[in-house]
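Only the coordinates and a few stated rules stand behind these numbers; no lab work does. The shown structure was predicted, so the numbers you read here are calculated from the model rather than taken from an experiment. Note: ideal-geometry Cβ built from the backbone for every residue, glycine included; neighbour counts use all protein chains shown.
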Amino acid sequence: MLLPLVQSIPITHIQEPFLEQNGVSLYLLRLEQTDPMISGNKWFKLIYNLEAFKKQHYSKLLTFGGAYSNHIHATAEACHRFDIPVIGVIRGEQSPKLNRTLLEAQQRNMLLYYISRQDYRLKNKPDFIKSLLAKLIDLNYLSKQDKVYILPEGGSNDLAIQGCALIPKLISIDYNYLCCAIGSGGTFSGLISGVSETQKNAKLLGFSALKGANNLSLTINELLKLSNVEKNIPAWEINHNYHFGGFAKTTNELIEFMHHFYQNHSIKLDAIYTAKMMFGLYQLIKQGYFPRGSQIIAVHTGGLQGNHTFEQKQILNWV
Ligand SMILES: *Cc1c(COP(=O)(O)O)cnc(C)c1O
């Protein structure tokens, strides 16, 4: 193996009176602890992509993301560590002052290139990528000789799914439910794939961080097909009720939940993904969604760098 893999993942038993009352055990799989810089699930999404980059002798990696993207941040750090020249194509206008996500990406030698939101929608179209590469050559971001590895937004491709399929294999306790926050669907697809090879009776429950992500099931089915995951597919379901107004939107109730969770368990959640999942999970448990005796594992996918804006504005106050 070219790159070191995570050998084990810490797991925390969450204790709260309401969990006992509802007869369920809840564990948090602490992916946010696996690396100080490369956030949670993003590491698993990157592992095999970086390996393919090296093995197939690519010279530059190019990927896509929003200005606060955990994927951009994690990819910049990983590429820095493994000496991979990387370009981040960022959605929207360049703002006069870099936010911390992009600043830290740039400090790790990621070259940033901004495209309009309109163009950004074309990011998966081969024609658009071709013209983008031509433009980047004109601007000397790339040379004509470069062999460019294109990693889609969020890093969600077949190799990302293979990487995330490792996660269930690193869980050492029995469980009936595996829960995860969903953005592009790559991580969840990987978990489905991993569970299909391990605990066949476990069910997966995903919480969409996006509002109106109607095509998510379709996307996940396509990703599974792309990765040749066809056998023993476990039951899975997506809950769309806990987006809190949409991607990256928050409410006082959500922030309060994060504060309480930190006070009770000394664990920080991120406002974009994991807090929404845990909030939803708590509600479903209280509503009796899970049969008594259920062993539930929720995946803490990391993303804590994304809290910075909220911390800076003192919306989040970890005291
Ligand atoms: C990116 C991310 C997700 C979503 O992962 P997808 O593979 O895009 O669905 C979930 N949680 C956190 C913290 C993330 O950064």
Net +/- balance of residues flanking GLY66 in space, Cβ distance below 11 Å, scoring K and R +1, D and E -1: +1
For region 38-43, Karplus couplings with θ = phi - 60° (6.51, -1.76, 1.60), whole Hz, Gly/Pro x: 8, 4, x, 5, 5, 4
Residues TRP43, TRP318, TRP236 arranged by fewest to most Cβ contacts within 10 Å: TRP318, TRP236, TRP43
Computed Rg/Rh of region 42-155, alpha carbon atoms with Kirkwood Rh: 0.93
Cubic angstrom per residue, convex hull over Cα atoms of the chain: 133
Between region 201-268 and region 125-199, the alpha-carbon center distance in angstrom: 17
Nearest 10 degrees, 0 to 90: helix 252-265 Cα axis against the chain principal axis: 70
Antiparallel bridge percentage (DSSP; both residues within the chain; nearest 5): 10
Against the rule of thumb 2.2 N^0.38 Å, how large the Cα Rg of region 106-249 comes out: 1.24
Percentage relative contact order, region 42-155, counting C-alpha pairs under 8 Å, at least six apart: 36
Region 33-98 and region 278-312: distance between their alpha carbon centers, rounded to Å: 26
Residues with amide H under 5 Å from that of TYR114, placed H, sequence gap 5 or more: ILE90
Normalised contact order of the chain, rounded percent, pairs of Cα under 8 Å and 6 or more residues apart: 22
Under-5 Å amide H pairs with TYR149, H placed in peptide plane, nonlocal only: SER59, LYS60, LEU61, LEU62
